[in-house]
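Novice: I'd like to ask you about the structure that follows.
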Amino acid sequence: MSRIIVAGAGHGGLSAAAKLSAAGHSVTVFEKGKEEEIGHDWQDRFTFSILSDTLGIQETQLQDTIWNYRGDCAFISPSKNKRIAINYNDEERQKIMWRKPLLRMLKDHAKACGTEFRFETPVLAPVISGRRITGIATEDREIEADLVIDAAGVFSPLRTKLPKYFFIEPQPSRGDIFYAYRAYYKKTIDIIPEYPFEIYLRHNGDQGLSWFYTDDNAVDILIGRIDPLSQSGIDALIGQFRTEHPWFNDEIIHGGQNAYIPVRRPLTLMVADGYAAIGDSAFMTTPMNGMGIDLSLLAGDLLADTVLHAKTDHFTADVLWEYNRDFHMLYGYAAAKNAGLKNALLSLPSQGVDFLFEQDVIQASDLSGAGKNTNLVSLFGKLARGLHNPPYFAAVLKGLLQGSKASGLYQTPPLCYDLQQIQKWDQKIRSLDIVVPKL
Ligand SMILES: Cc1cc2nc3c(=O)[nH]c(=O)nc-3n(C[C@H](O)[C@H](O)[C@H](O)COP(=O)(O)OP(=O)(O)OC[C@H]3O[C@@H](n4cnc5c(N)ncnc54)[C@H](O)[C@@H]3O)c2cc1C
């Protein structure tokens, strides 16, 4: 039986904790928040079937009050002159769930499997001894473990404080995360627009996006930018939305918080002796839409499998590399592909994005699949349309090609944990990154 610490009671941490506890390991989750407060106060989309695939929680167990279908969607160009509408059929319609009940369910499941919890106990730093992570430091003590699972989010105090010799990227770069504000405002008029879910790309010319979703009782507003948001900027945007959609007042009924969303390719290297990062702390989202719940649940499950196969309580980087490698081969490669397109779009001036909308270079299939549906055949059609303005088209093509090459490299990571080989592999991937300029 190994002593395993999980930092952060998010989706990834809880999915790993449940499986490892059920197999007899001694798992303790350290969470900075209060037990009754874990999870964001809003609804998000993810693949519900992953709950049954990874945790055995069946969809039929989900109460009707905690989830819903989201309405049809329209992507809006920066000039607002062109909309790309997406009408979902019954099979494809997006399902969204309130985060707090989702996290409560994951936490209760982990508890039932035997996981221990320390709430209101922030993890402050890793404890390192002889180039191995041997535990965590909290405010009043250090706690030893055979394995520390870092599931403490984008700015995890574990990952960001690891010494350089572990070669794990500590900080995201500009363009790697969205600074987000999200709030549900009370509706004052009984209205549901034809496309209730509006997504504004390069909203107001800013690098990022906003969404405005009208549901039965409220409007759900998200503002996501690659530079930090100011309160006056948020207030101005909410005011602008209210002028354009005069059916909500200023009463916030859910959310009203700032948060971070990783929108980059996952960490190439995310393990070290005694340490593995999962979820947002390893930047595991789909960059074009910031979805990370699926990937963090899947990563938690994969990491638990690696630990269970290991049949040792000496969790070296060699042992944990299996998880790192398998994650990239199964999921990381798709996120890496997607990051190229996202960075290319963020690098274009607003007129460039308008051009892509107006010439149908960007189409519903690209947007509904967050860039995943773009294939060679559709590229030829785009080529013909995009040639009206080669520089803008070339920028997008570069994003797709660089993303594709990076994706290929994520699919072929070094077979074993060999730091020199990993550094070479990582350098090749980095050389394909598209740096997002300040516009
Ligand atoms: C506005 C917004 C909208 C989003 N929409 C979607 C969506 O529609 N679909 C989707 O799939 N994803 C969405 N995401 C992304 C999604 O929230 C994350 O990718 C996902 O939550 C990652 O899960 P995780 O397991 O990494 O842990 P997280 O959910 O990030 O949880 C980390 C936990 O660690 C705790 N913690 C942090 N620091 C410490 C510390 N020092 N010590 C102890 N505990 C700590 C936190 O309190 C938290 O409980 C959205 C994110 C935001 C901000």
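Novice: Return the residues of the stretch 196-232 that are closer than 23 Å to Leu348 by Cβ and polar (S, T, N, Q); say none if nothing qualifies.
Specialist: Those that are closer than 23 Å to Leu348 by Cβ and polar (S, T, N, Q): Asn204, Gln207, Ser210.
Novice: Also: Search the stretch 287-304 for residues that are of a type in the set (S, T, N, Q) and pair each with any residue that is near the ligand (Cβ under 6 Å from one of its atoms) and modelled with pLDDT of 95 or more when their beta-carbon atoms are under 6 Å apart and the residues are at least 6 apart or on different chains.
Specialist: Ser296/His11; Ser296/Gly12; Ser296/Gly279
Novice: Related question: Looking at the structure I just gave you, is Tyr181 modelled with pLDDT of 95 or more and either within 27 Å of Asn89 (Cβ to Cβ) or touching a Phe, Trp or Tyr at 6+ places or on another chain (Cβ under 8 Å) (or both)?
Specialist: Judged against the criteria, Tyr181 is not a match.
Novice: Can you list the strands (runs of 3 or more DSSP E) found entirely within the stretch 41-146 that contain at least 1 residues being more than 20 Å from Gly300 (Cβ to Cβ)?
Specialist: 43-45, 67-69, 73-76, 83-86, 95-98, 125-129, 132-137, 142-144
Novice: Moving on to the next point. Sort through Glu120, Glu169, Glu139 and tell me the only one that's more than 25 Å from the chain's Cα centre (by Cα), modelled with pLDDT of 95 or more and open to solvent by 10 Å² or more (accessible area, probe 1.4 Å).
Specialist: Unique residue meeting the criteria: Glu139.
Novice: So Leu14 passes all but one of these: (1) outside any loop (DSSP other than H, G, I, E, B); (2) more than 8 Å from the ligand (Cβ to nearest atom); (3) under 17 Å from the mean Cα position of the chain (by Cα). Which condition number does it fail?
Specialist: Going through (1) outside any loop (DSSP other than H, G, I, E, B); (2) more than 8 Å from the ligand (Cβ to nearest atom); (3) under 17 Å from the mean Cα position of the chain (by Cα) one by one, Leu14 breaks only (2).
Novice: Among the residues of the stretch 89-135, count how many are out of contact with any Ser or Thr (no Cβ under 6 Å at 6 or more places or on another chain), of a type in the set (Ser, Thr, Tyr) and in contact (Cβ under 8 Å) with a residue 40 or more places away in the chain.
Specialist: Total satisfying the criteria: 1.
Novice: Of the residues in the stretch 17-66, how many are within 12 Å of the ligand (Cβ to nearest atom) and within 20 Å of Lys100 (Cβ to Cβ)?
Specialist: Residues in the stretch 17-66 being within 12 Å of the ligand (Cβ to nearest atom) and within 20 Å of Lys100 (Cβ to Cβ): 21 in total.
Novice: Out of the residues in the stretch 255-292 that are part of a helix (DSSP H, G or I) and open to solvent by less than 10 Å² (accessible area, probe 1.4 Å), which is nearest to the ligand (Cβ to nearest atom)?
Specialist: Step by step, filter the stretch 255-292, then rank; the result is Gly279.
The values are calculated or read from the model by the stated rules, or taken from the named source; none is laboratory data. Note that the coordinates shown come from a computational prediction; the quantities given were computed from them, not determined experimentally. Cβ coordinates were reconstructed from backbone atoms using ideal geometry, including for glycine residues, and neighbour counts include every protein chain displayed. These accessible areas exclude ligands, DNA and RNA; they are computed on the full protein's heavy atoms, side chains included. Shrake-Rupley method; radii C 1.70, N 1.55, O 1.52, S 1.80 Å.
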